[in-house]
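Only the coordinates and a few stated rules stand behind these numbers; no lab work does. As the structure is a computational prediction, the values presented were derived from the model and not from experiment. Virtual Cβ from ideal backbone geometry, glycine too; neighbours counted across all protein chains shown.
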Amino acid sequence: MKKPATTPLFALCALASVAGAADLTLYTDGDFQGRPLNVVIDLRQLGSLNFNDRASSLVIEKGAWVLCTEEDFGGNCVTLEPGKYGSLRELGLDDAITSVRRRDEVSLGVFSDPETPPPGN
């Protein structure tokens with residue numbers, strides 16, 4: 001019997017990388033150089049993606065993001081708005097980001113069975 005396919009977290013991040021649909025992109029070097037990590041979801045530990053304490057620049061396309069120096073959004077945290085940040089040194093975050101999350105909650109919508117009528121009908 002075959003097991004159902006599952007999609008690990010790193011595959012979702014890789015998909016975002018290919019699709020270019022990242023809301024936040026971290027780079028290992030300044031001025032948007034080096035290896036990128038495209039992010040579309042909150043990440044409690046960048047080490048699971050081999051990106052702990054590696055970011056030196058970043059681009060935020062959508063929403064405000066909270067960048068923290070410890071796991072689970074702890075330590076020194078800085079909130080950044082959309083924009084291009086060619087160096088994280090002045091923010092005290094160069095090679096120091098360990099977790100990232102959106103400042104505001106994002107609703108993915110309500111998913112239901114297409115056969116079930118909406119409430120009130």
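Taken along the Cα-to-beta-carbon direction at a fixed 7 Å, the label points for Glu115 and Asp29 span 5.6 nm. Under the classification rounded if a/c is under 1.5, otherwise prolate if a/b is larger than b/c and oblate if not, where does the range 51-104 fall, given a ≥ b ≥ c as square roots of the Cα gyration tensor eigenvalues? Note, shape of the range 51-104 comes out oblate.
The modelled label-to-label distance for the pair Cys77/Glu61, using points 7 Å beyond Cα in the direction of Cβ, is 2.5 nm. Translational diffusion coefficient of the range 9-102 (Stokes-Einstein, Kirkwood radius from Cα pairs, 37 °C, 0.692 mPa s): 260 µm²/s. Taking each residue as 0.36 nm, the span from Ile41 to Ser87 lengthens on full extension beyond its C-alpha to C-alpha distance by 14.3 nm. A cut-off of 5 Å between modelled amide H atoms, ignoring neighbours fewer than 5 places along the same chain, links Arg102 with Asp42, Val66.
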